[in-house]
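Everything on this sheet refers to the single structure shown next.
Each reported figure results from applying straightforward, stated rules to the coordinates on display, with no laboratory input. It should be emphasised that the depicted structure is a prediction, and the values quoted were computed from it without experimental measurement.
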């Protein structure tokens, strides 16, 4: 096993690849601007409420495509299923709309 590790280290040294970040190089971490991160303890319910009461309405007002797709989703999704709420299912429906999906993913 030790021989394998030594061999791998020699190969890496021979390749001479530098994997360090260049000085001053900035890597943006925010892949989805103005998105909700619910991974912090205590924030999930608060952010879910803000999405329902503020951000969903704002998105529908500011984007005609999003509004139309959301309205179609409301017609398509009648009842919640399993652990997903009706809004979860509508959001999945909206995201799978190619026009809306393209708009969301253009910032990647």
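For segment 48-88, the Kirkwood estimate of hydrodynamic radius, built from reciprocal distances between every pair of different alpha carbons, is 11.0 Å. The length gained on full extension between residue 81 and residue 48, counted as 0.36 nm times the residue separation minus their Cα-Cα distance, comes to 10.0 nm. Applying Stokes-Einstein at 37 °C and 0.692 mPa s to the Kirkwood radius of segment 60-108, computed over alpha-carbon pairs, gives a translational diffusion coefficient of 295 µm² s⁻¹.
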